[in-house]
Every structure is written in C-alpha cells, then in structure tokens.
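The values are calculated or read from the model by the stated rules, or taken from the named source; none is laboratory data. Owing to the predicted nature of the structure, the values given are computational and were not obtained by experimental measurement. Don't worry about glycine lacking a Cβ; one is built from the backbone with ideal geometry, like all the others, and counts go over all protein chains shown. Accessible surface areas use protein heavy atoms only, side chains included; no ligands, DNA or RNA. Shrake-Rupley method; radii C 1.70, N 1.55, O 1.52, S 1.80 Å.
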Amino acid sequence: MKKSTTIGAIVFLGIIIGIVGLYAFLSGKSRDRNMDVSMTEVQRVLSRDLQNNYPPTVKEVVKFFAEIQKCIYNEECTEEDIEQLGRKTRELYDAELLEANSEADNLLLLKAEVAAFREEERKILSATVASSANVDTFSQDGYEFARIYCTYTVMEKGKSGMERMVYLLRRDENRRWKIYGWDRAENVSLEEN
C-alpha cells in the first residue's frame, strides 16, 4: 500500500470518527434539553440541591421560597408532592423556626392550608421580591438579620389582589440566610429592631 493511500485512509477514518462523535454529542444535548422541557415546575423545584446550591442572597432565598409556594398552592400536587415541597421549604428555615414547628405539625398545617386555598379558588399569579438594595439589615443579640418585602398577586374567585409580606431572615453559622419568620406587611413596624 502506498504511503499516500495510508495517510488518506487514516484521515478519512478520523473524519468518520469525528462525525460520529459530533452526532453523539449533539443528540445527547437535545435529549438533555428534552428532559428539561418535560420536567414539571414541581420536579424542577424539588431537584434543586440546597446543600450545594443554596441561594446566596436574602433576595434569592425569598425568591426560591416564593417559587416553592407557587408550586404548593398552584400546581396539581399529590399529597406526596406537598410533603416533599414542605420539606424543601424547611431547608430554608432558621434552626429556631424548625425547632418551634415540628415537621409533622408543619406538614399537617400545610395540607390544611392547601385544601383551604383550593376551596377558596385562590391562585398565586406572581411573586415579586424587593430589590437587594431594599434589604433592611441589622444586628441584634449577636446575630445578623435582614428584612425584605415580597408582594404576591393572588387571584381569588376571578378577582386579583395584592398581599404584601415581610420576611425576616437570620444568617446562620455557615453564613447562609435562613428564614426566621414572616408576617403581613401591615402587621410589621420597621422601628422594631
């Protein structure tokens, strides 16, 4: 066999391998995209690994919390979905909030709230978290705290309205902002530090 024929065969074989490899790579990417598209919002929220991908800011913690709330109250959730979403929510809670609300009691209350929400024909249309520039931070008893507003647009029996909430977060020993509590904005006085 001639040297030029051997080189030509090797180049041709390299091109074939490259084409097959490119096809395999691209078809794998499209399969990944199709899997992402086929995930429900509940599955997407539940798939987030908060141990390795915890929200880095006060705003992002409350934004993710609102996403979970929208799933719980808007999506067609099974009882198991509600329990899993309730547990995911608890991953955002401060240790004192967890201590004050056992998981069993918390899940029981959550299921009752979901049933009442559906009975009242309510749906969360949107949740808007205040900008990071509007986070009120302060220190108290050796802890760092932050307050942020979130406005929910809620549809109830065909009429929409706004519900403004204030979330209080406390930074834990791992420097993660955890939800310490929340209340309706009209019940909160910002002079209380």
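Details
- The number of residues in region 149-174 that are open to solvent by 60 Å² or more (accessible area, probe 1.4 Å), under 18 Å from Val58 (Cα atoms) and in contact with a strand residue (DSSP E or B) (Cβ under 9 Å, 6 or more places away or on another chain) comes to 1.
- Ala115 being at pLDDT below 95 and either among the aliphatic types (A, V, I, L, M) or within 19 Å of the chain's Cα centre (by Cα) (or both): yes
- Within region 107-127, residues that are more than 24 Å from Arg90 (Cβ to Cβ) reach partners that are surrounded by fewer than 12 Cβ atoms within 10 Å (Cβ to Cβ) with beta carbons closer than 7 Å, at six or more positions or on different chains, in the pairs Glu121/Lys157; Leu125/Ser160.
- Residue check: Leu125 meets all listed conditions (1) part of a strand (DSSP E or B); (2) of a type outside the set (S, T, N, Q); (3) over 17 Å from the mean Cα position of the chain (by Cα); (4) surrounded by fewer than 18 Cβ atoms within 10 Å (Cβ to Cβ) but one, namely (3).
- For beta carbons closer than 6 Å, sequence separation of 6+ or different chains, a first residue in region 129-145 that is over 16 Å from Val61 (Cβ atoms) and a second that is outside any strand (DSSP E or B), the qualifying pairs are Phe138/Asn193.
- Glu76 satisfies every condition listed in (1) farther than 24 Å from Ala185 by Cα; (2) in a helix (DSSP H, G or I); (3) at pLDDT below 90 except (2).
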